[in-house]
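Peer 1: The structure's right below; bear with me while I get my questions together.
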Amino acid sequence: MDKGNISRSALPMVLLALIVLAAGVGIGRLVAPVYVSETTTITLTAVVTRPVTEVVTRVTATPVTVIHERISVVDSLGRALAFDKPPSRVISLAPSITEILFALGLSNRVIGVTSFCNYPPEVSKLVSEGKISVIGGFWNPDLEKILAAKPDLVIGSTGTGPHLRLKDQLEQAGVNVLYIRGSSAIDKHEVYSDITTVAKIFQIEKAAEELIARVEREISAVEAQIPKTGKPKVLVLLGPPSWGLYSAGGNTFIEWVLKTAGGVNIASKFSGWPQLDYEFIISQNPDVIIVSAHGIDHKALLKEIAESPLAATNAFKNGKIYLLDQEANDILMRPGPRLSQAVRVVASILYPDIFGAVDIPAVIKSSSELSVSIVQTAVRRLEATYST
Amino acid sequence: MAHQIARATRLRFFTLSILLTFMLLTLIAVSVSIGASMIPIDKVFLCLLRVECDESARLIVELRVARTLAALLTGGMLAVSGVLVQGISRNPLADPFILGVSSTALAALSAFLLLDPTLIAYRQLSILIAFAGALLGYFLTTSISLLAGGTGFSLILSGIAVSALFSGVSHVLLFLVQDKLRHPYVFLLMGSTSRVLPQDLVYLAISLVLSVAIVFAFNIPKALNAYLFGESYLAQLGYRVRIVATVSAFVASLLAGSSVAVVGIVGFIGLAAPHITRIILRTSDHRATIVLSLLTGSSLAILSDIVARLVSIASARGEIPLGVVTSVIGAPFLAYLVIKGGKK
C-alpha cells in the first residue's frame with residue numbers, strides 16, 4: 001500500500017518535471033535560433049558562391065602585366081590561396097580533377113592521382129611507369145600516401161565529404177589544398193570556373209580559355225540539333241535498383257547534362273542524390289532509363305529490372321533502358337572537360353535518329369525482348385577531337 | 001486481491017488489443033492512401049476491393065500494399081524479437097540487434113559483393129545471403145554464450161562481442177567493394193521499405209509464422225515470466241535455462257535477421273515497442289506483451305513509414321531511411337525511459 005502511495009504522489013512530480021523540462025527545451029529552442037541564424041554556414045555559402053566566379057573571371061580579364069609577384073586564387077570554399085610560383089608537385093583527389101589537369105597540359109606536374117583516375121590513357125601509363133603514385137580511392141584518399149609524395153598542391157572536390165575532412169590535416173602539414181566544385185558543380189559554368197581556377201594557379205589562363213571555348217563549341221553543336229518539343233522524360237539510376245533507387249536531383253551536373261541533351265529529369269524536384277521509391281518512378285513513367293552500372297553483369301541487371309516494377313514504365317516497354325559501364329559511365333559521372341561528351345552521349349541515347357547510335361563503348365541498350373545487344377560501332381570519334 | 005488484479009489485467013489486455021487493432025487498421029488505411037503518385041483515394045479503395053481497377057492504378061496500389069505490409073511485418077517482428085531479447089537478458093535496454101545478427105548479415109553481404117559485385121542485381125539471392133549471415137551471427141553468439149555458461153547475461157555479452165567484430169569487418173569489406181562498385185556504400189542495409197517488392201513479403205511471413213509456432217511450442221512466454229525471478233526459480237518450474245535462452249535467442253534472431261535481410265536495419269522499434277507495450281499494459285507478463293507488442297511495433301513502423309514518405313513527397317530530399325525516422329520518433333521515448341529509470 002505504501003508503495004502505491006509513493007508512486008501516486010510521485011506521478012505529479014514527474015509530470016511537473018516533464019512540463020518544466022519541455023518548457024525549458026521550448027524556451028531554449030526559441031532563444032537558440034536567433035543566435036544560430038547569424039552564424040549559420042548556409043548564409044555564408046550563399047554569399048560566397050556568386051563572388052567566387054566573379055572574382056575569378058574578373059581577374060582573368062585583367063592584363064597580364066601585373067601578375068608577377070604572387071599568384072592568388074579564391075577556391076570554391078571561399079578561401080584565398082596564394083603561391084609564389086606555380087606548384088610543380090600536384091595531387092588530384094578525383095578523376096574529374098585529373099582530367100582537368102591533363103586537359104590543361106599539366107601532366108608533367110601531376111605526381112599523385114586516385115585509383116579511379118583512368119583518363120586520359122596517359123594517366124594509367126604514367127602510373128604503371130611509376131611516375132605518378134596512387135594515393136587511395138576517390139572516397140578514401142590516404143593521408144599518409146599524400147604526405148609521403150611531398151606535394152605542394154592538393155586539389156579536392158567540395159562535393160566529396162572525405163576530401164573536405166582532409167583539409168585541416170593537410171593544412172597543418174603545410175600542404176596547400178585547393179577545393180574546386182567537382183561533384184557539387186550544378187552546370188557547365190561551374191565546371192568552367194573549376195577549370196579557370198586551376199589554370200590560374202599555373203598561369204595558363206590562355207589554355208583554359210581555349211579548352212573552355214572548345215567544350216562550349218561542342219556543347220552548342222549538340223544543343224543546336226535538339227528538337228524544341230517532345231522532350232522525353234528520363235530517369236537516371238545510380239547503381240542497380242536493389243542498391244536503393246538513388247537518382248540525381250535538380251541541383252546536380254547530371255540534371256544539367258540531361259536538360260542540355262534535351263531530356264526532362266523526373267527527379268529534378270529533389271536536391272542532391274535522392275533515394276526514390278517505385279511508386280514515384282511509375283507515376284512519372286519515364287520514357288528512358290539510364291543506369292550507371294559500373295562493373296555489374298549487364299544481363300543480370302536487365303533481368304532484375306525486368307522483374308521489378310520498372311518493367312511497367314514506357315522505357316522498359318519500348319526497350320529504352322540504357323546501362324552505362326566503363327568509359328560511358330565515367331563520361332557521364334565526371335564533371336570535367338568531357339562534359340561535352342556526356343551531353344553527346346545522352347543526346348544520342350535520347351535522339352538516336354538525329355545523333356546516330358551511341359558510339360561510346362559500354363553503353364548497353366535493352367531491346368524489348370530483353371536480348372542484350374551491345375552497341376559496338378567505330379569507337380572514339382569524339383575522342384579524336386580531344387587529343388591534346 | 002491477486003485474482004482481482006489478474007482480472008483487471010486481462011480486461012485491459014482485451015480492450016487494448018481491440019483499440020490497437022483499430023489504430024493499426026486506420027494506419028494501414030492511411031498508409032495505403034498516401035504516395036508520390038497522388039492517385040485519388042477513392043480509386044485506391046475501389047482498386048483494393050477489386051471493384052474496378054485500371055492497369056497503372058493496380059500496380060501502384062500493389063506497391064503501396066507491399067510497402068505497408070513490409071512495414072507492418074518488420075515492426076511486429078522487431079517488437080516481438082525485442083520482447084524476447086529483453087526477457088532472456090533481463091535487461092530493459094537490450095534490442096534485437098544486440099545478438100549480432102545485423103552486423104553479420106552486412107558482413108556476409110559485403111563479402112559476397114566483393115567476390116562478385118553483380119550479386120547486388122539479384123535481389124532474392126542477396127536477401128538469402130543476408131539472412132544466412134544473420135543466422136551465422138546467431139550461431140556464433142550462442143556458441144560463445146554456451147561456452148560461457150549459457151545464461152542470458154553471457155548471451156548479451158557474447159552478442160556485443162560478435163556485433164562489434166562483424167560491424168568492423170563489414171566496413172572493411174565495404175571499403176574494398178568501393179573500388180568495384182562506385183557507389184557510396186553507407187546506405188547498404190539502411191532500412192527502407194522503398195524498394196520492397198510484393199514477392200519479398202513471403203520471407204517475412206514465413207519467419208513470423210515459424211517464430212510464433214516455436215514460441216508457443218516451447219511455452220516461452222511462461223518460461224520468461226519465471227525467468228524474471230531468476231534462474232533457480234525457472235529451474236524449479238522444470239525449465240532448463242539453457243534451452244529457454246537458446247530457443248528465445250534463436251527466435252529473436254530469426255525475426256530480426258529476416259527483417260534485416262528484406263528491409264534493412266531499422267533501429268529503435270525493437271527497443272521501444274516492448275517498453276510501450278509494458279507501460280500501457282501495466283504488466284510484464286510475457287503472455288500478453290508478446291501478442292500486444294506485435295500490434296504496437298507494427299503501428300510504430302507504419303507510422304514511421306508514413307512520415308518517411310510524407311517527407312519525401314513534401315520536401316526535396318527523397319526517401320529518408322526508415323531507421324532514421326523510427327529513431328526520431330523513438331528517441332524522446334528513450335529519454336522518458338531514462339527519467340523513469342533514474343527515479344527508481
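The values are calculated or read from the model by the stated rules, or taken from the named source; none is laboratory data. All values reported here derive from a predicted model rather than from experimental measurement. Neighbour counts run over all protein chains shown; Cβ positions are idealised from the backbone, glycine included.
Peer 1: Could you go through the stretch A:247-255 and let me know if any residue there is of a type in the set (D, E, K, R) and out of contact with any helix residue (DSSP H, G or I) (no Cβ under 7 Å at 6 or more places or on another chain).
Peer 2: Within the stretch A:247-255, one or more residues are of a type in the set (D, E, K, R) and out of contact with any helix residue (DSSP H, G or I) (no Cβ under 7 Å at 6 or more places or on another chain).
Peer 1: Among the residues of the stretch A:97-114, which ones are crowded, with 17+ Cβ neighbours inside 10 Å and polar (S, T, N, Q)?
Peer 2: Matches in the stretch A:97-114: A:T98, A:S107, A:T114.
Peer 1: Among the listed residues B:S154, B:S167, B:S194, which satisfies the condition of being touching a strand residue (DSSP E or B) at 6+ places or on another chain (Cβ under 9 Å) and modelled with pLDDT under 90? Can you show your working first?
Peer 2: Details: B:S154 fails: touching a strand residue (DSSP E or B) at 6+ places or on another chain (Cβ under 9 Å); B:S167 fails: touching a strand residue (DSSP E or B) at 6+ places or on another chain (Cβ under 9 Å).
Unique residue meeting the criteria: B:S194.
Peer 1: Report whether or not B:I156 is within 20 Å of B:S170 (Cα to Cα), in a helix (DSSP H, G or I) and among the β-branched types (V, I, T).
Peer 2: Working: within 20 Å of B:S170 (Cα to Cα): no; in a helix (DSSP H, G or I): yes; among the β-branched types (V, I, T): yes.
No; evaluated as a whole, the condition is false for this residue.
Peer 1: Next question. Suppose we filter A:P286, A:P274 for residues that are of a type outside the set (A, V, I, L, M) and under 21 Å from the mean Cα position of the chain (by Cα); which single one remains? Show your work before the answer.
Peer 2: Numbers: A:P286 fails: under 21 Å from the mean Cα position of the chain (by Cα).
Of the residues listed, the single one that is of a type outside the set (A, V, I, L, M) and under 21 Å from the mean Cα position of the chain (by Cα) is A:P274.
Peer 1: Related question: Can you give me the number of residues within the stretch A:146-175 that are at negative phi and either touching a helix residue (DSSP H, G or I) at 6+ places or on another chain (Cβ under 9 Å) or not in a helix (DSSP H, G or I) (or both)?
Peer 2: Residues meeting the conditions: 19.
Peer 1: Continuing with this model, one more query. Does any residue of the stretch B:66-75 turn out to be within 12 Å of another protein chain (Cβ to nearest Cβ), without any contact (Cβ under 8 Å) to a residue 40 or more places away in the chain and among the small types (G, A, S)?
Peer 2: Taking every residue of the stretch B:66-75 in turn, none turns out to be within 12 Å of another protein chain (Cβ to nearest Cβ), without any contact (Cβ under 8 Å) to a residue 40 or more places away in the chain and among the small types (G, A, S).
Peer 1: Can we say B:L189 is closer than 24 Å to B:V260 by Cα, within 14 Å of another protein chain (Cβ to nearest Cβ) and surrounded by 20 or more Cβ atoms within 10 Å (Cβ to Cβ)? Full working, then the answer.
Peer 2: Numbers: closer than 24 Å to B:V260 by Cα: yes; within 14 Å of another protein chain (Cβ to nearest Cβ): yes; surrounded by 20 or more Cβ atoms within 10 Å (Cβ to Cβ): yes.
So B:L189 fits the description; yes.
Peer 1: Of the conditions (1) touching a residue at least 12 places away in the same chain (Cβ under 8 Å); (2) of a type outside the set (K, R); (3) at positive phi, A:I204 clears all except one; give me its number.
Peer 2: (3)
Peer 1: Follow-up. So B:P92 clears everything in (1) under 15 Å from the mean Cα position of the chain (by Cα); (2) not in a helix (DSSP H, G or I) except one condition, right? Which one?
Peer 2: (1)
Peer 1: Given B:S299, B:S258, which one is hydroxyl-bearing (S, T, Y), touching a helix residue (DSSP H, G or I) at 6+ places or on another chain (Cβ under 6 Å) and closer than 27 Å to B:G137 by Cβ?
Peer 2: Checking each option against the conditions leaves just B:S258.
Peer 1: Further question on the same structure: Restricted to the stretch A:317-334, and to residues that are part of a loop (DSSP other than H, G, I, E, B) and among the charged types (D, E, K, R), which residue is nearest to A:E255 (Cα to Cα)? Full working, then the answer.
Peer 2: Of the stretch A:317-334, the ones part of a loop (DSSP other than H, G, I, E, B) are A:318-320, A:325, A:334.
If we keep only those that are among the charged types (D, E, K, R) too, we end up with A:320, A:325, A:334.
Numbers: A:K320: 19, A:D325: 19, A:R334: 13 Å.
Here the residue is A:R334.
Peer 1: With respect to B:A57, determine if the residue is within 14 Å of chain A (Cβ to nearest Cβ), in a helix (DSSP H, G or I), surrounded by 15 or more Cβ atoms within 10 Å (Cβ to Cβ) and out of contact with any Pro (no Cβ under 7 Å at 6 or more places or on another chain).
Peer 2: When the stated conditions are applied, B:A57 passes them.
Peer 1: Another question about this same structure. For the stretch A:263-275, indicate whether the set of residues that are basic (K, R) and modelled with pLDDT of 85 or more is non-empty. Walk me through how you get there before you give the answer.
Peer 2: Just the residues of the stretch A:263-275 that are basic (K, R), to begin with: A:269.
Checking which are modelled with pLDDT of 85 or more leaves us with A:269.
Checked the stretch A:263-275: at least one residue is basic (K, R) and modelled with pLDDT of 85 or more.
Peer 1: Hey, A:S115 hits all of (1) hydroxyl-bearing (S, T, Y); (2) over 26 Å from A:R214 (Cα atoms); (3) more than 14 Å from every other protein chain (Cβ to nearest Cβ) but one; which does it fall short on?
Peer 2: Of the numbered conditions (1) hydroxyl-bearing (S, T, Y); (2) over 26 Å from A:R214 (Cα atoms); (3) more than 14 Å from every other protein chain (Cβ to nearest Cβ), the odd one out for A:S115 is (3).
Peer 1: Using the structure shown, decide if A:L143 is aliphatic (A, V, I, L, M) and at pLDDT 90 or above. Let's see the steps before the verdict.
Peer 2: Details: aliphatic (A, V, I, L, M): yes; at pLDDT 90 or above: no.
No; evaluated as a whole, the condition is false for this residue.
Peer 1: Say we look at the stretch A:302-326 and pick out the residues that are of a type in the set (A, V, I, L, M, F, W, C) and closer than 16 Å to A:I281 by Cβ; which of these is nearest to the other protein chains (Cβ to nearest Cβ)? It would help to see each step written out before you state the result.
Peer 2: Filtering the stretch A:302-326 for residues of a type in the set (A, V, I, L, M, F, W, C) gives A:302, A:305-306, A:310-312, A:315-316, A:321, A:323-324.
Next, from what is left, pick out any that are closer than 16 Å to A:I281 by Cβ: A:305-306, A:310-312, A:315-316, A:321.
On the way: A:I305: 9, A:A306: 11, A:L310: 11, A:A311: 10, A:A312: 5, A:A315: 15, A:F316: 12, A:I321: 13 Å.
That would be A:A312.
Peer 1: Out of all the residues in the stretch B:27-53, which are within 25 Å of B:S298 (Cα to Cα), within 14 Å of chain A (Cβ to nearest Cβ) and out of contact with any helix residue (DSSP H, G or I) (no Cβ under 7 Å at 6 or more places or on another chain)?
Peer 2: If the condition is that a residue be within 25 Å of B:S298 (Cα to Cα), within 14 Å of chain A (Cβ to nearest Cβ) and out of contact with any helix residue (DSSP H, G or I) (no Cβ under 7 Å at 6 or more places or on another chain), then B:M38 is the only one that fits.
Peer 1: Take the residues in the stretch A:280-291 that are surrounded by fewer than 24 Cβ atoms within 10 Å (Cβ to Cβ) and not in a loop (DSSP other than H, G, I, E, B); name whichever of them is farthest from the other protein chains (Cβ to nearest Cβ). Break it down into steps so the answer makes sense when it comes.
Peer 2: So the first thing to find is which residues in the stretch A:280-291 are surrounded by fewer than 24 Cβ atoms within 10 Å (Cβ to Cβ), and the list is A:282-285, A:287-288.
Next cut, not in a loop (DSSP other than H, G, I, E, B) only: A:282-284, A:288.
Values: A:I282: 6, A:S283: 3, A:Q284: 8, A:V288: 19 Å.
Per the stated criteria, the residue is A:V288.
Peer 1: Could you check how many residues of the stretch A:126-161 are free of Cβ contacts under 8 Å to residues at least 24 places away in the same chain and closer than 30 Å to A:S271 by Cβ?
Peer 2: Here is the first cut: in the stretch A:126-161, the ones free of Cβ contacts under 8 Å to residues at least 24 places away in the same chain are A:126-134, A:136-137, A:139-140, A:142, A:144, A:148, A:161.
Pick out the ones that are also closer than 30 Å to A:S271 by Cβ and you get A:136-137, A:139-140, A:161.
Summing the residues that are free of Cβ contacts under 8 Å to residues at least 24 places away in the same chain and closer than 30 Å to A:S271 by Cβ in the stretch A:126-161 gives 5.
Peer 1: Got at least one residue in the stretch A:239-250 being under 23 Å from the mean Cα position of the chain (by Cα), small (G, A, S) and within 26 Å of A:D353 (Cβ to Cβ)? Don't jump to the end; show me each part of the working.
Peer 2: At the first step, the residues of the stretch A:239-250 found to be under 23 Å from the mean Cα position of the chain (by Cα) are A:239-250.
With small (G, A, S) added as a condition, the list becomes A:239, A:242, A:244, A:247-250.
Adding the requirement that they be within 26 Å of A:D353 (Cβ to Cβ) leaves A:248.
Scanning the stretch A:239-250, I find at least one residue that is under 23 Å from the mean Cα position of the chain (by Cα), small (G, A, S) and within 26 Å of A:D353 (Cβ to Cβ), so the answer is yes.
Peer 1: While we're looking at this one, here's another question. Right, A:A306: assigned to a helix (DSSP H, G or I), hydrophobic (A, V, I, L, M, F, W, C) and in contact (Cβ under 8 Å) with a residue 40 or more places away in the chain or not?
Peer 2: On the way: assigned to a helix (DSSP H, G or I): yes; hydrophobic (A, V, I, L, M, F, W, C): yes; in contact (Cβ under 8 Å) with a residue 40 or more places away in the chain: yes.
Against the criterion (assigned to a helix (DSSP H, G or I), hydrophobic (A, V, I, L, M, F, W, C) and in contact (Cβ under 8 Å) with a residue 40 or more places away in the chain), A:A306 qualifies.
Peer 1: Restricting to helices (runs of 4 or more DSSP H) lying wholly in the stretch A:176-273: which have 3 or more residues that are away from chain B (no Cβ under 14 Å)?
Peer 2: Numbers: elements: A:188-201, A:205-225, A:241-244, A:253-260.
Ranges flagged: A:188-201, A:205-225, A:253-260.
Peer 1: What's the number of the only condition in (1) at pLDDT 85 or above; (2) more than 10 Å from chain B (Cβ to nearest Cβ); (3) assigned to a helix (DSSP H, G or I) that A:P337 fails to meet?
Peer 2: (3)
Peer 1: Which number in (1) modelled with pLDDT under 85; (2) away from every other protein chain (no Cβ under 14 Å) marks the one condition that A:I349 misses?
Peer 2: Among (1) modelled with pLDDT under 85; (2) away from every other protein chain (no Cβ under 14 Å), the lone unmet condition for A:I349 is (1).
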